[in-house]
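K.L.:
Structure below; questions to follow.
The values are calculated or read from the model by the stated rules, or taken from the named source; none is laboratory data. The structure displayed is predicted, hence computed values, not measured ones. Cβ sites come from the backbone with ideal geometry, for glycine too, and all protein chains shown count toward neighbours. Please note that ligands, DNA and RNA were not included when accessible areas were found on the heavy atoms of the full protein model with its side chains. Shrake-Rupley method; radii C 1.70, N 1.55, O 1.52, S 1.80 Å.
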Amino acid sequence: MTDLSKLEADLSALITGAADVADLEAVRVAALGKSGSISDLLKTLGAMSPDERREQGPAINGLRDRIGGAIADRRAELEAAELDAKLAAERVDLTLPPPPERRGRVHPTMQVQDEMIAIFAEMGFGLAEGPDIEDDFHNFTALNFPPKHPARETHDTFWLPEDASGERKVLRTHTSPVQIRAMQRINEKLPSWIANGPPSANGEPPIRIIVPGRTYRSDSDATHSPMFHQIEGLVIDRAIHMGHLKWTLDQFIARFFETPLVETRFRPHHFPFTEPSAEMDVQCDTSGGEVKIGVGTEWSEICGCGMVHPNVLRNCGIDPDEWQGFAFGFGVDRLARLKYGMPDLRDMFASDTRWLAHYGFSPFQAPNAASGLS
């Protein structure tokens, strides 16, 4: 027969000498595991006589219980020691300053839009807004688009399903419909307090407004996006000519890029709503992966512009023999990409917070003429 007292003493010594939970688990397996020393003793009870079982059974079961209890107590001691060591190693020094709090950033598109509004406000332009979903008249017909013009095709324009009256609305392809609404408000002699109206106190031109907003076209690549932002300008007055248009745009470009070294050129173009029409380029240098305005030998298209077509004035109830004016349009996202060196326009709409953390702006530094723009 196995000496139970000696076995208990040996196991107790192993339990007491266990350095960590892993060592203690090895002792438990050696004693109480499937092939452990105490488990083997329990297996011998079946071969004993009844008298031997009455004597050895309580003794072996008692040994099992005592060793199990000793292992549990030692496990609690070792786990408490490990926890104390971990807490000591991972102690936090509460006297240190806290990590900086992460703050939101202003998206470059919104920053540039605010910069543009601040510049044109300096020039005396008012702000007008309109709906993103337009009807055919305001988006195309009033702007002198002929019925079969390519801009009306589904591959260029997002058309909505027919409504109850059979009319198909459209996600506006430009902010020019707001110019139509502004001129219609003038003609309708609406009160000056009506929201989104142009700055007119006498119910007739002159008009001087800019129109910021989202626009939509079926186009997507490194320099185009299906949804993008525009700012258009409209000036209606007597004796307005292309010289006023060029001066306005030259002044804007110089203020926006914050450099007096601005060289621009006009190229003849065609827009249905202006006559004559032009695209404006700005001199630049794109070497070294950086865009520098006012230097170099390259030219970059910056906006479309022209004199308001007489048909557009007539469609809005304004006499083109008495009034004339000019209009222009900038892509806000494109200007942001040029000014702040963003290589791909699509990144601006990818909702990547890492990109925004790099290119974004502080919300506490709104652009204005006094403290600066960018």
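K.L.:
Using the Cα atoms of the chain to build a convex hull, what is its mean projected area in square nanometres? Mind showing how you got there, number by number?
P.N.:
Numbers: hull surface 149.2 nm².
Its Cα hull, projected and averaged over all orientations, spans 37.3 nm².
K.L.:
Can you give the accessible area of Tyr340 in Å² (nearest 10), computed on protein heavy atoms with a 1.4 Å probe?
P.N.:
Result for Tyr340: roughly 60 Å² accessible.
K.L.:
Now, a different point. For the chain, what is the mean residue ellipticity at 222 nm derived from helices alone (per DSSP H run of n ≥ 4: -39500 (n - 2.57); sum divided by total residues; nearest 500 deg cm²/dmol)? Before the final figure, lay out each step's value.
P.N.:
Values: 11 runs with 141 residues, N = 374.
Calculated from helices alone, the mean residue ellipticity at 222 nm is -12000 deg cm²/dmol.
K.L.:
Can you run phi through the Karplus equation (6.51, -1.76, 1.60; θ = phi - 60°) for segment 311-319 and list ³J(HN,Hα) in whole Hz, with x for Gly and Pro?
P.N.:
Rounded to whole hertz, the list is 5, 5, 4, 4, 4, 9, x, 10, 6.
K.L.:
Please count, across the chain, the pairs of lysine residues with Cα atoms under 28 Å apart that sit 8 or more places apart or on different chains.
P.N.:
Number of lysine pairs found: 8.
K.L.:
Place the peptides 225-233, 49-57, 173-181, 278-286 in order of packing, highest mean first, counting for every residue the other Cβ atoms within 10 Å and averaging per peptide.
P.N.:
On the way: 225-233: 20.7, 49-57: 11.6, 173-181: 24.3, 278-286: 18.7.
In decreasing order of mean packing, 225-233, 49-57, 173-181, 278-286 become 173-181, 225-233, 278-286, 49-57.
K.L.:
While we're looking at this one, here's another question. With θ set to phi - 60° and the Karplus curve 6.51 cos²θ - 1.76 cosθ + 1.60, what are the ³J(HN,Hα) couplings of segment 239-256 in order, to the nearest whole Hz, using x for Gly and Pro?
P.N.:
6, 7, 9, 4, x, 4, 4, 4, 4, 4, 5, 4, 5, 5, 4, 4, 6, 5
K.L.:
What is the Cα centroid distance between segment 75-153 and segment 1-60, reported in whole angstrom?
P.N.:
Comparing the Cα centres of segment 75-153 and segment 1-60, I get a distance of 68 Å.
K.L.:
Using only Cα atoms, tell me the angle between helix 21-32 and the longest principal axis of the chain; keep it within 0 to 90° and round to the nearest 10.
P.N.:
40 degrees
K.L.:
Here's another thing I want to ask about it. So what J values fall out for segment 39-49 if you push phi through Karplus, 6.51 cos²θ - 1.76 cosθ + 1.60 with θ = phi - 60°, rounded to Hz, Gly and Pro as x?
P.N.:
Rounded to whole hertz, the list is 5, 5, 5, 5, 5, 7, 5, x, 8, 7, 6.
K.L.:
Then there's this: Of all alpha-carbon pairs in segment 1-158, indicate the percentage at a distance above 28 angstrom. Intermediate results must be reported in sequence, preceding the final value.
P.N.:
Details: 7937 of 12403 pairs.
Every Cα pair in segment 1-158 considered, those over 28 Å come to 64 percent.
K.L.:
Averaged over all directions, how much area does the convex hull of the C-alpha atoms of segment 270-374 cover when projected, in nm²?
P.N.:
Working: hull surface 41.9 nm².
Taking the Cα atoms of segment 270-374, their convex hull projects to 10.5 nm² on average.
K.L.:
Accessible area, 1.4 Å probe, largest first: how do Phe330, Phe273 sort? Please report the intermediate quantities before stating the final value.
P.N.:
Working: Phe330 0, Phe273 40 Å².
Of Phe330, Phe273, the descending order of accessible area is Phe273, Phe330.
K.L.:
Related question: Report the antiparallel proportion of the DSSP beta bridges in the chain as a percent, rounded to a multiple of 5. Could the numbers behind the result be given before it?
P.N.:
Values: 47 of 49 bridges.
Taking every DSSP beta bridge with both residues in the chain, the antiparallel ones total about 95 percent.
K.L.:
What figure, in Å² to the nearest 10, do you get for the accessible area of Thr297 with a 1.4 Å probe and non-protein molecules left out?
P.N.:
The accessible area comes out at roughly 130 Å².
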